[in-house]
Structures are given as C-alpha cells and as structure tokens.
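Note sheet for the following structure.
The values are calculated or read from the model by the stated rules, or taken from the named source; none is laboratory data. It should be emphasised that the depicted structure is a prediction, and the values quoted were computed from it without experimental measurement. Note that we place each Cβ from the backbone using ideal geometry, even for glycine, and neighbour counts take in every protein chain shown.
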C-alpha cells in the first residue's frame with residue numbers, strides 16, 4: 001500500500017519571516033557609527049557639489065560653443081552623436097545583461113533561499129526592478145551629457161536623455177525576459193544590431209564631414225524623433241517587464257548563482273584595481289560558456305611554434321578582430337568632430353584596448369613565470385614571437401587610418417606621407433600600451449605597503465590605473481604638440497626595448513641571488 005505524500009506550495013508567512021530575518025542580519029551587522037557615516041556623507045556630498053558645479057560649467061560652456069558652430073562637422077555631430085550614444089549604450093546594456101544576468105544571486109542565497117519553499121518570483125522581483133531602474137538612470141545621464149556637449153536645444157537634451165535611458169532599461173528588461181526562458185540568441189542578435197547602428201552613425205558623421213554625404217535634419221525633427229524613440233522604448237519596457245516578472249519563478253538556481261559569482265569576482269578585481277584579473281575572469285567565463293573546442297595539433301620549434309599557436313588561436317576566434325576594426329573608426333570620427341589635436345592619443349588608446357584580446361598567449365606566460373622558464377628561449381624572444389600577430393594587426397590599422405591624419409576639407413594640413421608617419425607612430429603607441437598592460441605584474445601583497453590618505457595600499461596597486469595608458473601618452477604626446485615625429489620614434493624604441501626584454505626584474509634578481517648563495521653554501525659544506 002502506497003501513501004501519497006502531501007506537498008505544499010510557497011508559504012507567504014515563511015517568505016515574510018525570511019525577509020525580516022535577512023533585513024535584521026544586514027542592519028544588525030553595522031561596522032560604522034552614526035557619526036562616522038554622517039562624516040563620510042558630508043565629505044561625499046561636498047565633493048559631489050564641487051565637482052558637479054565644475055562639470056556643469058564645462059558642459060554649459062561646451063554647449064554654447066558647439067551651438068555657435070554651423071559647419072558641416074558640427075551639424076553632423078549635433079544630429080548623429082546622440083544617435084550613436086543611444087545605440088552604443090543599448091548594445092552595452094545588452095552585453096552586460098547577457099554576460100552577468102541581469103538577475104543574479106550569490107552562492108549563499110542560492111544554497112539557502114533558492115531551495116526553500118518560497119515563491120522565487122516574488123523574491124527576485126525587487127532585484128529586477130532595481131537593475132532596470134539603475135540602467136535607466138545611467139543611460140539617461142549619459143544621453144544628457146552627450147547631448148549637452150553637441151550643443152542641441154534643451155528640449156533635444158531632455159528628449160535624448162529620456163530615449164537613451166528608457167531604451168537601455170527596456171533592453172535590460174528584454175534580456176531578463178530571455179534569461180527566464182533560458183535563451184540568449186535574440187539578445188545576441190539585438191546586441192549586434194545596436195552595435196552596427198552605433199558604428200554606422202559614427203561613419204555617417206565622418207562621411208558628412210568629408211563631404212561624401214549630404215544630410216540636413218532640423219533640430220525640431222531630431223527632437224520629435226527622440227520623443228518617438230522614447231515612447232516606443234517605454235512601451236517595450238512595460239511589456240518586457242511583465243514577461244520578465246512572470247518568468248522569474250522559472251529561473252534556475254545555477255543560472256542565478258553563476259552570474260552572482262561572476263559579479264562578485266569582477267567587483268573584487270575592481271576593488272583591488274586589478275583590471276588584468278577582471279580580464280582573466282571574463283576570459284574564463286567566455287571559455288566556460290563555449291564548453292569545449294576541437295583540439296588542434298601544433299607544429300614547429302622555438303619561437304615559430306609560439307607564433308603558430310597564436311595564429312591558431314586567432315583562427316579559432318576571429319571575432320577578436322572586430323575590436324581593431326571598430327578602433328579604426330576613432331581617428332576618422334575625432335577628425336570629423338574637429339578634435340584633430342588629440343586624434344593620436346585617442347586612436348592609440350582605442351587600439352590598445354582592442355589589441356589586448358590578441359595577447360592571450362603572452363598573458364599566460366607573463367603571469368606564469370615558471371611556465372615561461374621551461375621554454376628554451378629568453379624572455380625577449382618569447383615576447384617578440386607572441387607580439388608578431390598583434391603587430392601585423394597594428395600595421396594594418398596604421399595603413400587604414402592614415403587618411404584620417406591628412407584632414408578633412410580646409411583642415412587638411414598634412415601630406416599623405418606625413419599622415420602615414422603619424423598613423424604608424426599611433427599604431428606603435430597602441431601596440432606598446434597593450435604589451436605593457438598584458439605583461440604587467442599584479443599588486444605585491446607580500447611587500448611593505450605604501451602609506452596613502454586612503455590607508456595602506458599594496459605596492460603597485462595605484463600603478464594599475466595607468467598601466468598601458470602611460471606608454472600611449474609618452475609616445476603620442478610629441479604628436480599632440482606638433483613636435484618632430486623622430487622624437488616619438490626614439491621614445492617608442494626605448495620603451496619597446498624595455499618592454500620586450502622585460503626590464504629589470506628585482507624579484508627575479510633576488511631569486512637568482514638566493515639560488516647562487518644556496519649553491520655556494522652547498523659547495524662549502526661539501527669541502
């Protein structure tokens with residue numbers, strides 16, 4: 001005789017008790033006194049008021065000066081830069097939502113709460129609404145700032161701020177709805193579409209500045225378009241939120257805790273200012289999502305084997321070349337917007353960020369010194385071999401962006417040969433910046449800490465903020481001030497020699513000295 005086991009659904013009383021207990025735990029573990037919190041709040045508010053006033057002054061001045069510009073480049077910027085911002089932030093919201101969540105839970109919550117007889121939808125609803133609201137606020141702020149810099153009217157600023165914020169929030173809610181259905185294909189498609197629209201808008205700015213495209217849009221029509229986009233985004237936001245809220249109950253615990261672990265790891269790396277660790281975490285997450293690949297046999301000997309491995313890695317994942325392709329638009333866009341003086345540093349920074357994914361092998365060997373010592377070649381040959389493919393990409397970048405340094409229309413002040421020299425040095429600066437960033441060592445927590453107003457900091461932590469950017473600025477600063485290109489060449493040669501050879505490694509020298517001392521003591525004992 002079998003006995004049927006009675007099952008019960010979620011108990012609302014249990015949910016309320018658990019919520020009250022969680023609230024008590026969080027508020028009962030305070031680590032600051034009320035006076036300390038008020039003091040910190042006063043400092044934060046004072047800094048916010050001071051820097052906010054400075055930022056408002058800069059934005060208003062930029063808006064007045066931009067509004068007085070009636071040239072084709074300025075008109076195109078006022079017309080299309082808010083569109084590019086809208087599309088770019090939409091693509092960014094989709095990418096972050098697909099990568100992390102957008103609805104996540106920590107490992108402790110997944111172990112404790114998700115297995116309890118609770119209504120998972122009610123438990124996660126507040127998190128969904130909080131993420132959507134934060135995305136809307138961030139998108140609206142970014143849209144308003146970019147619109148102010150382009151010099152459009154106040155109504156246009158409000159319209160584009162609303163359109164950007166509501167669109168980012170709607171896309172985040174859409175990603176949450178797809179997360180509940182355990183799908184990501186539509187999110188990837190939407191991410192690609194918004195990215196293409198953003199790049200297309202920037203290319204259209206360049207085309208208008210170069211005289212290839214004739215586009216005239218009145219400010220009133222642009223404002224009306226922004227309000228239409230905001231209305232459609234609001235409608236999509238409501239529908240996506242309703243669907244996402246219904247699907248929260250069906251979210252799997254593994255999916256929630258995976259995103260929570262990834263978010264915790266990224267937060268820890270950013271707190272430690274170790275952006276290299278954040279890159280490694282994202283790389284591991286991408287490999288985990290892919291699962292497995294078909295193994296490829298290597299061949300060759302010496303540095304050629306390392307070069308072949310980098311080539312096989314590039315053929316296995318050719319989408320990393322999209323970064324340099326998008327970075328090639330930067331010098332054309334800055335030239336079209338009248339920012340020719342800072343084109344080289346901005347383009348070099350864009351190339352530097354785009355080349356980092358191509359240095360996967362060098363990243364492993366730079367962070368695993370024991371593996372590098374097992375290879376029968378010096379450090380300089382290893383780094384030269386694994387920098388060959390990124391160097392070829394940087395050379396193609398230099399050739400493709402050389403016309404941007406000639407100038408547009410009446411601003412054409414360089415010959416093609418001079419522009420090619422500038423583009424080559426810009427590409428070299430980006431390449432050296434990527435090598436500097438990839439080969440940088442993490443903060444040393446075993447060495448004596450450095451005193452600072454923020455407390456004791458490990459050696460090298462603050463340097464993580466400027467690694468890579470310092471090399472880019474050093475090589476391109478002569479180009480900004482119009483100095484001879486040979487100065488940048490000399491600086492690049494010196495910096496490149498230091499980066500390729502590995503420089504003076506104090507820790508490695510101390511290790512070798514200790515081994516020599518140990519060998520001498522062993523020989524003395526045998527005698």
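Things to note:
- Taking the numbered list (1) touching a residue at least 60 places away in the same chain (Cβ under 8 Å); (2) under 17 Å from residue 80 (Cβ atoms); (3) over 22 Å from the mean Cα position of the chain (by Cα); (4) buried (at least 21 other Cβ atoms within 10 Å of the Cβ) in turn, residue 162 passes all entries but (2).
- Residue satisfying all of: in segment 176-198; within 12 Å of residue 84 (Cα to Cα) and crowded, with 19+ Cβ neighbours inside 10 Å; modelled with the highest pLDDT among these: 194
- Residue in segment 467-476 that is loosely packed, with under 13 Cβ neighbours inside 10 Å and at pLDDT 85 or above present: no
- Qualifying residue in segment 501-515 (condition: at pLDDT 75 or above, surrounded by 11 or more Cβ atoms within 10 Å (Cβ to Cβ) and either in a helix (DSSP H, G or I) or at positive phi (or both)): yes
- Hits in segment 368-389 - residues which are in contact (Cβ under 8 Å) with a residue 12 or more places away in the chain, over 24 Å from the mean Cα position of the chain (by Cα) and assigned to a helix (DSSP H, G or I): 369, 379, 380, 381, 382, 383, 384, 385, 388
- Test: residue in segment 104-124 that is assigned to a helix (DSSP H, G or I), at pLDDT 90 or above and within 22 Å of residue 181 (Cα to Cα): no
- Candidates 398, 341, 348, 392 - the one that is surrounded by fewer than 21 Cβ atoms within 10 Å (Cβ to Cβ), part of a helix (DSSP H, G or I) and at pLDDT 85 or above: 392
- Residue that is modelled with the lowest pLDDT [pool: residues in segment 312-338 that are assigned to a helix (DSSP H, G or I), over 23 Å from the mean Cα position of the chain (by Cα) and surrounded by 12 or more Cβ atoms within 10 Å (Cβ to Cβ)]: 336
- Within segment 259-306, being in contact (Cβ under 8 Å) with a residue 40 or more places away in the chain, part of a helix (DSSP H, G or I) and over 18 Å from the mean Cα position of the chain (by Cα) holds for 260, 261, 303, 304, 306.
- Criterion (touching a residue at least 24 places away in the same chain (Cβ under 8 Å) and more than 30 Å from residue 112 (Cβ to Cβ)) met by exactly one of 255, 309: 309
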